[in-house]
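Dumping the structure here so I can ask a few things about it.
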Amino acid sequence: MIKVLHAADFHLDSVFASLAPEKAAARRREQRAALEQLAALCEDCDLVLLSGDLFDSARVYRDTLDALKRFFAAVTAKIFIAPGNHDRLTQGSPYLTEDWGENVHIFKSSAVERVRLDACDVYGAAFTAQEMPPLLDGFAVADPDRLNLMVLHGDLQQSSVYNYVSAEAITASGLDYLALGHIHKGEVRRFGRTVCAWPGCLMGRGFDECGEKGVYKITLDKTACRTEFVPLHTRKYEILTVEAGDDPLAAVNAALPAQTEDDCYRILLTGESDAVDLPALQAALEPRFYSLSVRDCTVPKQALWAAAGDDTLRGHFLRDLKQQYDDADEEQQRRIAAAAKLVTALMDGREAAL
Ligand SMILES: [Mn+2]
C-alpha cells in the first residue's frame, strides 16, 4: 500500500491580465504561498506526482523557482514531474537549467520512460512541443505484477492536440493509476483496471475556474485505489445567480454562504424586479468580498395578465391563456405562466428570463 499526492496545473506566474498590476503581483505571490500548503500535505506521502503546467509560460520569476525548490526540498518523498503544454520541455526550460534536488525526477522525453522504485514502477513522458500527438497509444506496462503508475499531461477530448489520451489506450496500458493534468476541474475516471484522474488547477484564476481547487491523495495497492480530494485554502472564484425579487440585497444575503471575504464573486441578478439599484448594492456588498461584480440581468416587472382584455393579438392570446390558467392545477399554472412570460417577452423583443 502506497500513499501518493497528485497535483497539476499550478500555472505559476500567470499574468492575471484582468487585474491591476499590484493585485496581479499579489495573486502570483499567493500562488507561491500555496506551495507551502502543498508541502505540508506531502508529509505522509511516499510519492508526489505533478502532471504538468507547473509554470504558465516560459517566463518564470526567480522568486517562483526558489519557492518551487523550497517546496521540493521540504518533501522527503520522491517527486515526479511530467511537463505539459505550458511548461513544455524545450531549450532553456528551467527544468533543464536549474538544479531541482535529488528527490526530483523530471521526465524529459516524449517517449514513455520507466523508473523502477522498490514499491512500484513510475512511468512518465514530457511535452517537448506545445502540441503533442497521443503519447499513450501502444503503451503497456513492462511488469503487470508490479504496482504501476504513470504521470502525464493529457486530454480526454478526441479532437485535442494536447496528447489525446483515449479510453482504449488507458484500458490497454495495464496501469494501476494514471496521474493526469491539463483539465482544470477535478475528475476521477476508471477505464478497465486503471484509475485515472485530473486533480484540476491548484487555485482558481478567473470565473472560468470556479469552485474549490486542490489535489488528490491516493492510497493504492494492486487490489484497490482510494482517491480523496483535498482542497487548498486559496481564493475561490464563484458565480452566484440570485432571483432579485422586491429586495435584492436581502435576496443576495440569503443566498450567500458565511465565509466570502477571501473570494472573488460575480453575482447575477435575475427574474422580474423594479428594485435593483446597482451602485447601492455594489457598495453594500463589496466589503464582504476580495472582489465583487454585480450584474443586473432582471427584467422590469409587469403584471402578467394586465393586457388580457385588450383587443389586440397580445390581448386575445393572454385571455385564452388566462382561462386555461384559472382552470389548471398549481404545476400546470406554473407552466402556463412561464409560457405567457416567454411569448410576451418575444412579442416585446425582450430576452426571456424564465
Ligand atoms: Mn493547464
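The values are calculated or read from the model by the stated rules, or taken from the named source; none is laboratory data. Here the structure is a predicted model, which means the values were calculated and not measured. Ideal geometry is used to build each Cβ from the backbone, glycine not excepted, and the neighbour counts take in all protein chains shown.
Identify, from the list Tyr237, Tyr162, the residue that is touching a strand residue (DSSP E or B) at 6+ places or on another chain (Cβ under 6 Å), of a type in the set (Ser, Thr, Tyr) and away from the ligand (no atom under 14 Å from the Cβ).
Tyr237
With respect to Asp99, is the statement that it is surrounded by 18 or more Cβ atoms within 10 Å (Cβ to Cβ), in the same structural domain as Gly181 (by TED's automatic domain parsing), among the charged types (D, E, K, R) and in a loop (DSSP other than H, G, I, E, B) true?
No, not satisfied.
Does Leu178 meet the test of being surrounded by 16 or more Cβ atoms within 10 Å (Cβ to Cβ), touching a helix residue (DSSP H, G or I) at 6+ places or on another chain (Cβ under 8 Å), assigned by TED's automatic domain parsing to the domain that holds Trp198 and not hydroxyl-bearing (Ser, Thr, Tyr)?
yes
Next question, about the same structure. Quick check on my filter: what residues within region 196-212 are touching a residue at least 40 places away in the same chain (Cβ under 8 Å), surrounded by 16 or more Cβ atoms within 10 Å (Cβ to Cβ) and of a type outside the set (Lys, Arg)?
Scanning region 196-212 gives Ala197, Trp198, Pro199, Gly200, Cys201, Leu202, Met203, Gly204.
Considering region 107-128 alone, what residues qualify as being surrounded by 19 or more Cβ atoms within 10 Å (Cβ to Cβ) and either modelled with pLDDT under 95 or in a strand (DSSP E or B) (or both)?
The answer is Val122, Tyr123, Gly124.
Continuing with this model, one more query. Looking at Leu313, Leu292 in this structure, which one is among the aliphatic types (A, V, I, L, M) and buried (at least 17 other Cβ atoms within 10 Å of the Cβ)? Working first, answer last.
Numbers: Leu313 fails: buried (at least 17 other Cβ atoms within 10 Å of the Cβ).
From the options Leu313, Leu292, the qualifying one is Leu292.
Something else about it: Any residue at all in region 289-307 that's free of Cβ contacts under 8 Å to residues at least 60 places away in the same chain and part of a helix (DSSP H, G or I)?
no
Could you check how many residues of region 165-200 are within 16 Å of the ligand (Cβ to nearest atom) and either more than 25 Å from Lys108 (Cβ to Cβ) or in a strand (DSSP E or B) (or both)? Even if it seems obvious, please write down each step before you answer.
Just the residues of region 165-200 that are within 16 Å of the ligand (Cβ to nearest atom), to begin with: 165, 179-187, 197-200.
Subsequent filtering for residues that are either more than 25 Å from Lys108 (Cβ to Cβ) or in a strand (DSSP E or B) (or both) retains 179-181, 185-187, 197-198, 200.
Of the residues in that region, 9 qualify.
Which one is nearest to the chain's Cα centre (by Cα), of the residues in region 31-63 that are among the hydroxyl-bearing types (Ser, Thr, Tyr) and within 16 Å of the ligand (Cβ to nearest atom)?
The extreme case among them is Ser51.
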